[in-house]
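What follows is a set of notes on a single structure, which appears directly below.
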Amino acid sequence: MFNWKLFLDLAEELAQSEDEARRRTAISRAYYAVVGIAKGKVKKIYPNAFAGYHEKLWREFESSNSNLHRNIATKGMRLKNKRNRADYDGDILNLERETESAIKEAHNLLKMLESMK
């Protein structure tokens, strides 16, 4: 089984570059590290259901009675929005700060996911 945390390691390496493409890719890889771990925590969503999969994943966490799960959903959607901007927006203000923030959020989310029972 793939170790999704390796994507976060790669994100940290890419973030050290001054190259815009590498920093944008770092944000994306940080997000997908979290998605890879999160989908293993949710059994109701089929891993091959790609259409709307990310929305369904975060909604599943959001619909829980657990504050931890709802917090994961909020932070997961925030990181998803950063990933969308990195992948689709032509201009990102302060990309260095945005990249650092995305990696930090991914680390926090992974800790939260690991604390789930």
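By a straight-distance test (C-alpha under 24 Å), which lysines pair with K43 as possible cross-link partners, with residues fewer than eight away in the same chain excluded?
K5, K56, K75, K80, K111, K117
Explain nothing, just compute: Karplus ³J(HN,Hα) = 6.51 cos²θ - 1.76 cosθ + 1.60, θ = phi - 60°, for every residue of the range 90-105 in order, whole Hz, x for Gly and Pro.
These are the phi-based 3J(HN,Hα) values: x, 10, 10, 5, 6, 4, 4, 5, 4, 5, 4, 5, 4, 5, 4, 4 Hz.
When all C-alpha to C-alpha distances in the range 5-114 are sorted into bins of 5 Å, what percent of pairs does each bin hold, rounded to whole numbers?
2, 13, 25, 23, 18, 12, 6, 1, 0
Multiply the residue separation of E20 and K117 by 0.36 nm, subtract the distance between their alpha-carbon atoms, and state the gained length in nm to one decimal.
So the extension gain works out to 31.1 nm.
When only C-alpha pairs under 8 Å and at least 6 residues apart count, what is the relative contact order of the chain, in percent?
Dividing the mean separation by the residue count of the chain yields 33 percent.
Restricting to DSSP H runs of at least four residues, report the calculated mean residue ellipticity at 222 nm for the chain, -39500 (n - 2.57) per run over all residues, nearest 500 deg cm²/dmol.
Mean residue ellipticity at 222 nm (helix-derived): -24500 deg cm²/dmol.
Bear in mind that the values in this text are calculations on the coordinates, not laboratory data. Computed from a predicted structure; not experimentally measured.
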